Amino acid sequence: ARYGAAFARYLVDSGAVNPGAHVVVGRDSRTSGELLADAAAAGLRAAGVPVLHAGIAPTPTLLLSVRDDERAAGGLVVTASHNPIEWNGLKLAGGGGTFLAPDAGRAVQDLFETGPALAGWDGLGGAGSLEGVVVRARGPVVALDCVHGAGGVVVPELLRRLGCRVEGIGLATDGMFPRDPEPVSANLAELGRLVRSSGADVGMAVDPDGDRLALVDENGRPVGEDWTLALAAEYVLGRHEGPLVTNLSSSQCIEDVASRIGAPFLRAPVGEASVVARMMDVEAVIGGEGNGGVILPELNLTRDAAVAAVLVLSLLATTGASLGELLEGRVRYHMMKRKVSMEGLDLRGIYERVRVAVPEGGEENTDDGLHLAWAAEREWLHVRPSGTEPKLRIIAEATDPGRAEALADLAGGSVKG
């Protein structure tokens, strides 16, 4: 409630709240979502800002409703995204339907910590409700896993309107995740079995708040989350000229698509807000992150699993190839990840030790921690503090899994040493 009030005061102080304005409040399907959304909405109203309750809906759908609502001063989504079932949190957006930039986020945090000013009894905000909308097109047979998250509200219906036959699991929106909800390959075994048993053309897994999409090929094999953006970008860049933007920790398979088509390719610091800011700066036609998050600015400047699904299905339809056939013969990269506790670590000293420990000649980028890339060897290493936990993240990628593991081990050893 105090964070909702802090967000309201930030919007008021920044001049975003005009007469008749409101904030759209929605949530994913987690069991704690309703009470936390009610609490956050109460905080908004206590600070004098009216709310529209959207109920359960994917995050990108909520952000789209904020963007298209002339009276929406912002949006507040109660979700912990792909994190485990016991977690929950808040995502805050401005009136344009994009997440708050880091400086705005810090301003809200400051208000939260100091205690935001509340309205008097005669200045409290009212409340109403909101309905969502979906779009049409055409597509193939899809095995779908929404892990009992908010994606179950929109994605199955969208796919059916695309002309797909949907074979689904986890479509209920009760928040009772049957597995670790993050759509990484290790968690998609059941979806793979559904693809094989149903004869589906492709499998799609959506995270709890509907902003990430992972793919499973026609044989039931997960292909890795980075390929979602790579394939979506291949479809878009084949039809629109312009840059592709992703973050520093995303796979080179995305860069390969831009290189093959001849499109400009740029990397930004990790985090959706940073990627969106870079996309806006360079007027990118598509972007996102290698975790299965696709951003199509023509529609909405946020990651959106439903959009990703449409773009991938469109690519499959126009090429006439299966997902496995589409990836056959392409360079496949291997990524290794490590995490080290940040307690007592000196970042500058760590980065210097990493530079000494790894091979010379890497192109250096310090926009977000330390990123070193060896273009000729098609290898890179990224060492950065996590934005979600007190950990140092170490990520390495190479065409050979042994090389990726060796880079990660060299960096990890130098950090611990």
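The values are calculated or read from the model by the stated rules, or taken from the named source; none is laboratory data. As the structure is a computational prediction, the values presented were derived from the model and not from experiment. All Cβ positions, glycine included, derive from the backbone under ideal geometry; neighbour counts span all protein chains shown. Each accessible area value is taken on the protein alone, full model and side chains, heavy atoms only, with ligands, DNA and RNA left out. Shrake-Rupley method; radii C 1.70, N 1.55, O 1.52, S 1.80 Å.
For the reader, a short list of remarks on this structure follows.
- In the range 154-165, the residues that are farther than 23 Å from L63 by Cβ form Cβ pairs under 6 Å with partners that are among the charged types (D, E, K, R) and open to solvent by 20 Å² or more (accessible area, probe 1.4 Å), at six or more places apart or across chains, as follows: G163/R138.
- Some residue of the range 247-259 being of a type in the set (G, A, S), out of contact with any helix residue (DSSP H, G or I) (no Cβ under 6 Å at 6 or more places or on another chain) and in a helix (DSSP H, G or I): yes
- Of the strands (runs of 3 or more DSSP E) lying entirely inside the range 317-417, not one contains at least 1 residues that are open to solvent by 40 Å² or more (accessible area, probe 1.4 Å), touching a residue at least 60 places away in the same chain (Cβ under 8 Å) and of a type in the set (S, T, Y).
- In the range 302-316, residue nearest to S250 (Cα to Cα) [restricted to those that are open to solvent by 10 Å² or more (accessible area, probe 1.4 Å) and within 11 Å of the chain's Cα centre (by Cα)]: R303
- Residues of the range 38-56 classified as in contact with a strand residue (DSSP E or B) (Cβ under 7 Å, 6 or more places away or on another chain), open to solvent by 10 Å² or more (accessible area, probe 1.4 Å) and either over 23 Å from D174 (Cα atoms) or not β-branched (V, I, T) (or both), total: 6
- Residue match in the range 155-166 (condition: more than 21 Å from the chain's Cα centre (by Cα), open to solvent by less than 50 Å² (accessible area, probe 1.4 Å) and at pLDDT 95 or above): yes
- Being without any contact (Cβ under 8 Å) to a residue 60 or more places away in the chain, out of contact with any Lys or Arg (no Cβ under 6 Å at 6 or more places or on another chain) and either surrounded by fewer than 24 Cβ atoms within 10 Å (Cβ to Cβ) or more than 22 Å from C146 (Cβ to Cβ) (or both) is not true of G74.
- So P140, is it open to solvent by 60 Å² or more (accessible area, probe 1.4 Å) and either out of contact with any Ser or Thr (no Cβ under 9 Å at 6 or more places or on another chain) or farther than 20 Å from D201 by Cα (or both): no
- Within the range 35-63, the set of residues being touching a Gly at 6+ places or on another chain (Cβ under 6 Å) and of a type in the set (A, V, I, L, M) comprises A40, L44, V49, L52, A54, A57, L62, L63.
- Qualifying residue in the range 205-226 (condition: modelled with pLDDT of 95 or more and in a helix (DSSP H, G or I)): yes
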